[in-house]
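Heads up: the structure comes next, in structure tokens.
Read the figures in this text as sums done on the coordinates, not as results from a lab. Since the model is a prediction, treat every value here as computed from it, not as a measurement. Heads up, the Cβs are rebuilt from the backbone with ideal geometry, glycines too, and the neighbour counts pull from every protein chain shown.
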Amino acid sequence: MNVTKLELCKRIARKLGYKQVQDVKPIIETFLDEVLQVLSENQRIEIRGFGVFSVKNRKPRIGRNPRTGEIVNIAQYKAPHFKFSKEAQNNFETKLNKLQ
């Protein structure tokens, strides 16, 4: 099952003891908007103990249209990127192993 933004808001509201999801939703939406804004300014966000949001430059390359097989040129572009910190990665692996 995928967790939607609404489900994430519900989970956070429950953990923080809020009765209304509407109390948490603006905070989550503002956070996500700020992440997008900072990345669009080609800057990075470093959250200690969690990870880094950054922008990666993708080089131009030659690709193939899967439907027609036609060769196409793919222009250079910027793509969002996230990398877990070592601490968060270890925490994730620990929780994953507990579930298995």
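Exposed loop sites here mean chymotrypsin sites (Phe, Trp or Tyr not before Pro) with a DSSP loop assignment and at most 16 other beta-carbon atoms within 10 Å; the chain contains its longest site-free run at 51-100.
Its convex hull of Cα atoms gives the chain a direction-averaged projected area, equal to a quarter of the hull surface, of 10.2 nm². Working note: Debye formula, equal point scatterers on the alpha-carbon atoms of segment 43-100, no solvent; log10 I(q)/I(0) at q = 0.12, 0.15 Å⁻¹ is -0.54, -0.67.
Kirkwood radius and radius of gyration were both taken over the C-alpha atoms of segment 1-41, and their ratio Rg/Rh is 1.07. Placing +1 on the Cβ of every Lys and Arg and -1 on the Cβ of every Asp and Glu, with nothing else charged, gives the chain a dipole about its Cα centre of roughly 340 debye. Counting lysine pairs in the chain that sit 8 or more residues apart in sequence, or on different chains, and whose Cα atoms lie under 16 Å apart gives 9. Placing +1 on each Lys and Arg Cβ and -1 on each Asp and Glu Cβ, with no other charges, gives segment 1-41 a dipole about its Cα centre of roughly 420 debye. For segment 16-24, just list the computed ³J(HN,Hα) in residue order, Karplus coefficients 6.51, -1.76 and 1.60, θ = phi - 60°, integers in Hz, with x standing in for Gly and Pro. Here the 3J(HN,Hα) series is 8, x, 7, 7, 10, 5, 4, 6, 9 Hz.
Across the chain, C-alpha contacts under 8 Å between residues 6 or more apart give a mean separation that, scaled by the residue count, equals a relative contact order of 19 percent. Put a dot 7 Å past the Cα of K10, heading toward its Cβ, do the same for N97, and the two dots end up 3.2 nm apart.
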